[in-house]
């Protein structure tokens, strides 16, 4: 997938003026992320605490963010939803709530992967120039990692590897010299990443949750302005890891 024109948040917002007021939300991990953009500006961001229930906190956080920005729900012109990967339950909460908001406000919805919003944040780093590679790494627990690689080119960020689930050996093999690494839950895996990349000259980038929230919203706004929206009915999560809970299979005789 090539994300045409995806550069820094500010450049994305320059392309998004026609989108109007766009709310971004992502509950795939902790903390949950909220961002609000309009008229080429970030109006505000918010992050939820790790010990809060996403389902219970999300509506209250959205209401507070809109209130601080001085806007009403009815003014929304688009919703950008983080589709994962991350917690299966968390992804479903954001997707369900985001679809409900889009339906209530009568506005379009856009799905944005966590990989995309984090990769966009890497463009803030001075070492990430044209031709640079960026590998997004997210702790998937159980000694596994969600990961995807991107390359920076003149058209934006191009995803150069599939979204995948890697074990420790696979992740180690994917880290090469000069690769810029963007990590999700930095506090939990930073030491392990540095050990795996020992001696390879990798650059580590740990964007703040607030910047990721702004990136999510800006990507969504740019896509809405370009007419690249998703269907409320068909937008699906990006799980990457197979779901543990499966429907029972019919018994064949």
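The values are calculated or read from the model by the stated rules, or taken from the named source; none is laboratory data. Worth saying up front: this structure is predicted, and the values here are computed from it rather than measured. As a convention, Cβ positions derive from the backbone with ideal geometry for all residues, glycine included, and neighbour counts pool all protein chains shown.
List of remarks:
- Filtering the range 111-122 for residues that are in contact (Cβ under 8 Å) with a residue 12 or more places away in the chain and over 18 Å from the mean Cα position of the chain (by Cα) leaves an empty set.
- So residue 133, is it touching a residue at least 24 places away in the same chain (Cβ under 8 Å) and touching a strand residue (DSSP E or B) at 6+ places or on another chain (Cβ under 7 Å): yes
- Being surrounded by 20 or more Cβ atoms within 10 Å (Cβ to Cβ), in contact with a helix residue (DSSP H, G or I) (Cβ under 8 Å, 6 or more places away or on another chain), within 28 Å of residue 168 (Cβ to Cβ) and at pLDDT 90 or above holds for only one residue in 147, 113, and it is 147.
- The range 150-181 - residue that is in contact (Cβ under 8 Å) with a residue 40 or more places away in the chain and assigned to a strand (DSSP E or B) and, of those, surrounded by the most Cβ atoms within 10 Å (Cβ to Cβ): 157
- Of the residues making up the range 63-75, just one is at pLDDT 95 or above and within 15 Å of residue 97 (Cα to Cα), namely 63.
- Selection status of residue 219, in contact with a helix residue (DSSP H, G or I) (Cβ under 9 Å, 6 or more places away or on another chain) and either assigned by TED's automatic domain parsing to the domain that holds residue 61 or at pLDDT below 85 (or both): yes
- Restricting attention to the range 193-221 and to residues that are part of a helix (DSSP H, G or I) and either without any contact (Cβ under 8 Å) to a residue 12 or more places away in the chain or over 22 Å from residue 85 (Cβ atoms) (or both), the residue that is farthest from the chain's Cα centre (by Cα) turns out to be 195.
- For residue 220: the one exception among (1) loosely packed, with under 14 Cβ neighbours inside 10 Å; (2) in contact with a strand residue (DSSP E or B) (Cβ under 7 Å, 6 or more places away or on another chain): (1)
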